[in-house]
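All remarks here apply to the structure that follows.
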Amino acid sequence: MRIINMDHVAASPLLPQVVDAMMPFLTEKFGNPSSMHSLGEEVTETLDEARGKVAALINAKDHEIVFTSGGTESNNWALKGICQASRSRGNHLITSSVEHFSIMHAIKALEKQGVEVTRLPVDKYGIVDPDDVKRAITPRTVLVSVMHANNEIGSIQPIAEIGRIARELSIPFHTDAVATAGVIPVDVEALNADLLSLSANAFYGPLGSGALYVRKGVKIAPLLDGGIQEGGLRAGTENVLGIVGMSKAAEIAAVEMESRIAHLIPLRDRLIKEIPAAIEEVELVGHPTQRLPGNVSVVVRYVEGESMLLFLDMEGIKIASGSACISRSLKVSHVMLAMGIDAGTAQGSLLFTLGKDNADQDVDEVVRILPPVVQKLRDMSPLYKKTSKFKTIT
Amino acid sequence: MYSDIVMEHFKNPRNVGEIPDADGVGEVGNPACGDIMAFYIKVNGNILEDVKFKTFGCGAAIAVSSMVSEMAIGKTLEEAMQITNNSVIEALNGLPKKKHHCSNLGADALHRAIEDFRSKQQGRQMEKPVDGPEVCSCPVCDVNDPEEAPYCNTACGHSSPK
């Protein structure tokens, strides 16, 4: 059976060139960049080059890139590091209600330490109103953190505008760009970002490798204390293998981005059009156009996501869902709840995240296989008959 | 994640459907929790002659419903009332821990259908149980204090497991 991976949000395959670039660091180039001798020095040079490639991807300067273990660390560090370094200025954070767990739970932890938090609402497309940011700012605000795009619903936030508002008031602005860096153009200058989180796997680099962009002059306390790696900002021997892989992937992403986007958008739009045409009472989640190029998020009424996912898996189609039954916490996605989608409807969530290797025939397969799966489950569902007669979709 | 028996019942669920002139009907769950199960029974003398179900839910919920229906058919009402959470899990060769509440629901729905039948026989209407989100349990945290269970206080409203 041919495997159709439409779950790139979970993991993307490494590019062959990335594997080749990493190989020597699994074998002969095992040096520690902190060593003074030649084994260490050759690795240090590699790290310097890698920093330049990652910086170039987001139009940053080399010394503004700090390597981390991925999006979660970058997000935790941005929030906790800024709060700690800004205690004398204030203790108020502004964020959105659709952030990733690594923002949401880091903020919960900060709240327990007395930090005050404003969580901005979103519209029905999951998008923050920049005017709300302006209204939420107080003299005690030390950071605004709003994600660039949400991988679960695909919607892209008006980050440049939010960043401009924060900049005018000299408040540091962080954006979680894990879903966008290496995927769509991300430019820290154009976005007015002071801090930006990115992760290598979003652009076919290795899992567990990421970076935090910290604009020169922004005061941030380290998350990890120890040696003076990464200019003293992030202690611990560098994950050389991951960094090399990430930088190669970044270099290729910069070159191929335009063609990848041009490839993904027609596939995305076919699914967005053809799934609801083939199955009644399916709705798109998130913004129709202000949206990640490979993201198709829908809710299918009267059935639950995990059972659809399992049947699709048997047919070789790999996808994700925001259903409560799938999450380890057994909770429906907070993102969909914040958008005003009721918990019952959100249970029917299906998330297709496309990648560069998906093709038109993959879309054909999904559109062929999904309708009978949904029908089988609807025929089994006590909600189907009961509500379809009179309940209208909101 | 699931045992072969669970997957087999999920792929080919037994006894799906409704019984139009059912002697008893039992429904549990709510969509916010992820699962709704409706059981329909036909009773002959004291024997469950037929059992059918409809389920909205995950793979485990569908497999549990199917297994409960198979376990119940041909049993006396008293025997069917003895079907428990654990006996369903055992018959399915285990379920992931976070899915254990699904098996509770299957037995509950069957028991409710039997209670409905008994109430009707005695000529009284069975009180419809209230199933708000507040009775949806969180099998992951297994704790009552939402402060100690940061992952379980949104969709489920978080309350203690039954």
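Residues in the stretch A:194-211 that are out of contact with any Phe, Trp or Tyr (no Cβ under 6 Å at 6 or more places or on another chain) and outside any helix (DSSP H, G or I): A:LEU195, A:SER197, A:LEU198, A:SER199, A:TYR204, A:GLY205, A:PRO206, A:LEU207, A:GLY208, A:SER209, A:GLY210. Scan the stretch A:176-183 and tell me whether some residue there is closer than 17 Å to A:LEU57 by Cα, among the hydrophobic types (A, V, I, L, M, F, W, C) and surrounded by fewer than 24 Cβ atoms within 10 Å (Cβ to Cβ). Checking the stretch A:176-183: not a single residue is closer than 17 Å to A:LEU57 by Cα, among the hydrophobic types (A, V, I, L, M, F, W, C) and surrounded by fewer than 24 Cβ atoms within 10 Å (Cβ to Cβ).
Looking across A:GLU111, A:GLU99, A:GLU116, A:GLU161, one residue alone is at pLDDT 95 or above and farther than 30 Å from A:ALA10 by Cα. It is A:GLU116. Just one of (1) surrounded by fewer than 19 Cβ atoms within 10 Å (Cβ to Cβ); (2) closer than 24 Å to B:ALA32 by Cβ; (3) without any contact (Cβ under 8 Å) to a residue 24 or more places away in the chain fails for B:LYS98. It is (3). Among residues belonging to the stretch A:213-231 that are among the charged types (D, E, K, R) and in contact (Cβ under 8 Å) with a residue 12 or more places away in the chain, point out the one that is surrounded by the fewest Cβ atoms within 10 Å (Cβ to Cβ). Here the answer is A:LYS216. Inside the stretch A:289-313, residues that are of a type in the set (Ser, Thr, Tyr) and not in a loop (DSSP other than H, G, I, E, B) make up a count of 2. A:ARG51 fulfils the conditions (1) at pLDDT 95 or above; (2) among the basic types (Lys, Arg); (3) loosely packed, with under 14 Cβ neighbours inside 10 Å except for a single criterion, (3). For the subset of the stretch B:65-80 comprising residues that are touching an Asp or Glu at 6+ places or on another chain (Cβ under 9 Å) and of a type in the set (A, V, I, L, M, F, W, C), which member is surrounded by the most Cβ atoms within 10 Å (Cβ to Cβ)? Within the stretch B:65-80, the match that is surrounded by the most Cβ atoms within 10 Å (Cβ to Cβ) is B:ALA72.
Assessment of the stretch A:328-344 against the conditions (surrounded by 21 or more Cβ atoms within 10 Å (Cβ to Cβ), more than 14 Å from chain B (Cβ to nearest Cβ), in contact (Cβ under 8 Å) with a residue 40 or more places away in the chain and not in a loop (DSSP other than H, G, I, E, B)) yields no matching residue.
Selection within the stretch B:94-125: residues that are in a helix (DSSP H, G or I) and of a type in the set (A, V, I, L, M). The member of this set that is nearest to the chain's Cα centre (by Cα) is B:LEU105. More than 13 Å from chain B (Cβ to nearest Cβ), at pLDDT 95 or above and either outside any loop (DSSP other than H, G, I, E, B) or within 25 Å of A:ILE265 (Cβ to Cβ) (or both), is that true of A:LYS356? The answer is yes for A:LYS356.
Mind checking which residues of the stretch A:270-288 are assigned to a helix (DSSP H, G or I), touching a residue at least 40 places away in the same chain (Cβ under 8 Å) and not hydrophobic (A, V, I, L, M, F, W, C)?
First pass over the stretch A:270-288, keeping only residues assigned to a helix (DSSP H, G or I): A:270-278.
Filter once more, so that each one left must be touching a residue at least 40 places away in the same chain (Cβ under 8 Å): A:270-271, A:274-275, A:278.
Matches in the stretch A:270-288: A:ARG270, A:GLU274.
Scanning the stretch B:4-39 for residues being among the charged types (D, E, K, R), without any contact (Cβ under 8 Å) to a residue 40 or more places away in the chain and under 14 Å from A:ASP379 (Cα atoms) gives a total of 2. Look at (1) over 27 Å from A:VAL19 (Cβ atoms); (2) within 18 Å of the chain's Cα centre (by Cα) and you find that A:CYS325 fails only one, number (2).
Scanning the stretch A:314-324 for residues that are at the interface with chain B (Cβ under 10 Å from one of its Cβ atoms) and at pLDDT 95 or above gives a single hit, A:MET314. Restricting attention to the stretch B:11-53, the residues that are within 8 Å of chain A (Cβ to nearest Cβ), surrounded by 23 or more Cβ atoms within 10 Å (Cβ to Cβ) and not in a loop (DSSP other than H, G, I, E, B) add up to 4. Close Cβ contacts (under 7 Å, 6 or more residues apart or on different chains) running from residues in the stretch A:243-269 that are at pLDDT 95 or above to residues that are of a type in the set (Phe, Trp, Tyr) comprise A:ILE243/A:PHE67; A:VAL244/A:PHE25; A:ALA249/A:PHE203; A:ALA249/A:TYR204; A:ALA250/A:PHE203; A:ALA253/A:PHE203. Surrounded by fewer than 19 Cβ atoms within 10 Å (Cβ to Cβ), among the β-branched types (Val, Ile, Thr), away from every other protein chain (no Cβ under 11 Å) and without any contact (Cβ under 8 Å) to a residue 40 or more places away in the chain - does that describe any residue in the stretch B:86-95? No, the stretch B:86-95 contains no residue that is surrounded by fewer than 19 Cβ atoms within 10 Å (Cβ to Cβ), among the β-branched types (Val, Ile, Thr), away from every other protein chain (no Cβ under 11 Å) and without any contact (Cβ under 8 Å) to a residue 40 or more places away in the chain. Remark: B:MET67 matches the filter, which requires a residue to be at pLDDT 95 or above, within 22 Å of A:CYS325 (Cα to Cα) and under 15 Å from the mean Cα position of the chain (by Cα). State yes or no: is B:SER69 touching a strand residue (DSSP E or B) at 6+ places or on another chain (Cβ under 9 Å), touching a residue at least 40 places away in the same chain (Cβ under 8 Å) and among the polar types (S, T, N, Q)? So B:SER69 fits the description; yes.
Results for (1) β-branched (Val, Ile, Thr); (2) in contact with a helix residue (DSSP H, G or I) (Cβ under 9 Å, 6 or more places away or on another chain), shown as yes or no for each residue.
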position: B:SER66; (1), (2): no, yes
position: B:GLY74; (1), (2): no, no
position: B:ASN86; (1), (2): no, yes
position: B:ALA91; (1), (2): no, yes
position: B:LYS99; (1), (2): no, yes
position: B:ASN104; (1), (2): no, yes
position: B:LEU110; (1), (2): no, yes
position: B:ILE114; (1), (2): yes, yes
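The residues of the stretch A:282-313 that are of a type in the set (A, V, I, L, M, F, W, C) and either away from chain B (no Cβ under 14 Å) or within 22 Å of A:HIS263 (Cα to Cα) (or both), listed by number, are A:VAL282, A:LEU284, A:VAL285, A:LEU292, A:VAL296, A:VAL298.
Of the numbered criteria (1) away from every other protein chain (no Cβ under 14 Å); (2) surrounded by fewer than 24 Cβ atoms within 10 Å (Cβ to Cβ); (3) out of contact with any Phe, Trp or Tyr (no Cβ under 6 Å at 6 or more places or on another chain), the one A:ALA250 fails is (2).
The values are calculated or read from the model by the stated rules, or taken from the named source; none is laboratory data. If you're wondering where the values come from, they're calculated on a predicted model, not measured in any experiment. Quick reminder, even Gly has a Cβ in these numbers, built from the backbone with ideal geometry, and neighbours come from all protein chains shown.
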